[in-house]
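Worksheet for the structure shown next.
The values are calculated or read from the model by the stated rules, or taken from the named source; none is laboratory data. From a predicted model like this one, the values you see are computed outputs, not experimental measurements. Virtual Cβ from ideal backbone geometry, glycine too; neighbours counted across all protein chains shown. Note: areas computed on protein heavy atoms with side chains; ligands, DNA, RNA excluded. Shrake-Rupley method; radii C 1.70, N 1.55, O 1.52, S 1.80 Å.
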Amino acid sequence: DVKVTQSSRYLVKRTGEKVFLECVQDMDHENMFWYRQDPGLGLRLIYFSYDVKMKEKGDIPEGYSVSREKKERFSLILESASTNQTSMYLCASSPGAGASLEQYFGPGTRLTVT
Amino acid sequence: AQKITQTQPGMFVQEKEAVTLDCTYDTSDQSYGLFWYKQPSSGEMIFLIYQGSYDEQNATEGRYSLNFQKARKSANLVISASQLGDSAMYFCAMREGLTGRRALTFGSGTRLQVQP
């Protein structure tokens, strides 16, 4: 069974704090993704990575950065958290280059910034 | 322009009846894939079904089928014989191109409620 885990289910941070969201997958997947989910907007892509140390911006990268030092781990960093970054964050991974391959999602982290 | 449009924010269906969740998409690529995911209240995203742009037959997976109409750019999900456990958010998504090294673009979702 593919497993994608995220470091926290719920997180409360203060405005201006640096926030790390960790994602780990255990199936040797090449591709990893960070999305945020907001009501009425669906999932929007923040960043993705298709190899170690590689990263590509998604649709809403502003205010975020990422790190992928090891194949199994993809971190999302909020350099200075703001209230408009209160959201559900979902990490996903997928194997190789096959176009038909679905993404496997983690359980999500609900982040509240006060 | 929206790449994936789900026009039904919420739907109700009686248990054991069939229901269709609408999805239209917009792409200039000839090669693309369409996905449906289910998100129960617990929050996890569950993959349901996939349709490739070159697939001639509609995809089916158990009680789920995908009504793919390429000319109309629609990829509706049909759930037959609805069950109470089908109550969830449903997302349509698209991957453009022939490589898995691309993210999915998601619609805004449809919340389905199955009534006993």
Kindly establish whether A:G40 is open to solvent by 20 Å² or more (accessible area, probe 1.4 Å) and not hydrophobic (A, V, I, L, M, F, W, C).
yes
Going through the range B:1-39 in order, the residues found to be assigned to a loop (DSSP other than H, G, I, E, B) and within 13 Å of B:V114 (Cα to Cα) are B:E15, B:K16, B:E17, B:A18
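Just checking, how many residues over the range B:1-32 are among the hydroxyl-bearing types (S, T, Y) and surrounded by fewer than 16 Cβ atoms within 10 Å (Cβ to Cβ)? Before you say what the answer is, go through the steps one by one.
First, pick out the residues of the range B:1-32 that are among the hydroxyl-bearing types (S, T, Y): B:5, B:7, B:20, B:24-25, B:27-28, B:31-32.
From the residues that got through so far, the ones that are surrounded by fewer than 16 Cβ atoms within 10 Å (Cβ to Cβ) too are B:7, B:20, B:28, B:31.
So the answer is 4.
Quick one: count up the residues across the range A:61-102 that are of a type in the set (A, V, I, L, M), within 25 Å of A:G40 (Cα to Cα) and out of contact with any Phe, Trp or Tyr (no Cβ under 7 Å at 6 or more places or on another chain).
To start, the set of residues in the range A:61-102 that are of a type in the set (A, V, I, L, M) comprises A:66, A:76-78, A:81, A:88, A:90, A:92, A:97, A:99, A:101.
Checking the rest, the ones that are also within 25 Å of A:G40 (Cα to Cα) come to A:76-78, A:81, A:88, A:90, A:92.
Next, from what is left, pick out any that are out of contact with any Phe, Trp or Tyr (no Cβ under 7 Å at 6 or more places or on another chain): A:81, A:88.
Residues meeting the conditions: 2.
Step by step: first the residues of the range A:76-90, then only those that are in a strand (DSSP E or B) and touching a Gly at 6+ places or on another chain (Cβ under 7 Å), then the one that is farthest from the other protein chains (Cβ to nearest Cβ). Which residue is that?
Filtering the range A:76-90 for residues in a strand (DSSP E or B) gives A:76-78, A:87-90.
Checking which are touching a Gly at 6+ places or on another chain (Cβ under 7 Å) leaves us with A:78, A:88-90.
Numbers: A:L78: 19, A:M88: 7, A:Y89: 11, A:L90: 7 Å.
Here the answer is A:L78.
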Determine whether B:S42 is at the interface with chain A (Cβ under 10 Å from one of its Cβ atoms) and part of a loop (DSSP other than H, G, I, E, B).
yes
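Specify the residue that is nearest to the other protein chains (Cβ to nearest Cβ); the eligible residues are those in the range B:45-68 that are outside any strand (DSSP E or B) and among the charged types (D, E, K, R).
B:D55
Given B:F35, B:F106, which one is in contact with a Gly (Cβ under 6 Å, 6 or more places away or on another chain), touching a residue at least 12 places away in the same chain (Cβ under 8 Å) and open to solvent by less than 30 Å² (accessible area, probe 1.4 Å)?
Numbers: B:F35 fails: in contact with a Gly (Cβ under 6 Å, 6 or more places away or on another chain).
None of the other options fit; the residue is B:F106.
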Given (1) at the interface with chain B (Cβ under 8 Å from one of its Cβ atoms); (2) more than 11 Å from the chain's Cα centre (by Cα); (3) within 22 Å of A:N84 (Cα to Cα), A:V19 misses just (1)
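Search the range A:28-37 for residues being surrounded by 14 or more Cβ atoms within 10 Å (Cβ to Cβ) and among the charged types (D, E, K, R), and hand back the single one that is nearest to the other protein chains (Cβ to nearest Cβ).
Here the residue is A:E30.
Identify, from the list B:A93, B:A75, B:A71, B:A103, the residue that is of a type in the set (A, V, I, L, M, F, W, C), assigned to a loop (DSSP other than H, G, I, E, B) and under 22 Å from A:L43 (Cα atoms). Before the answer, list the steps.
Working: B:A93 fails: assigned to a loop (DSSP other than H, G, I, E, B); B:A75 fails: assigned to a loop (DSSP other than H, G, I, E, B); B:A71 fails: under 22 Å from A:L43 (Cα atoms).
Testing whether each residue is of a type in the set (A, V, I, L, M, F, W, C), assigned to a loop (DSSP other than H, G, I, E, B) and under 22 Å from A:L43 (Cα atoms) leaves just B:A103.
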*With the condition kept exactly as written, say whether any residue in the range A:49-63 is open to solvent by less than 10 Å² (accessible area, probe 1.4 Å) and among the aliphatic types (A, V, I, L, M).*
no
*asked:* Taking the conditions exactly as written (open to solvent by 30 Å² or more (accessible area, probe 1.4 Å) and in contact (Cβ under 8 Å) with a residue 60 or more places away in the chain), does A:T15 satisfy them or not?
replied: yes
Within the range B:94-110, residues being at the interface with another protein chain (Cβ under 7 Å from one of its Cβ atoms) and modelled with pLDDT of 90 or more number 6
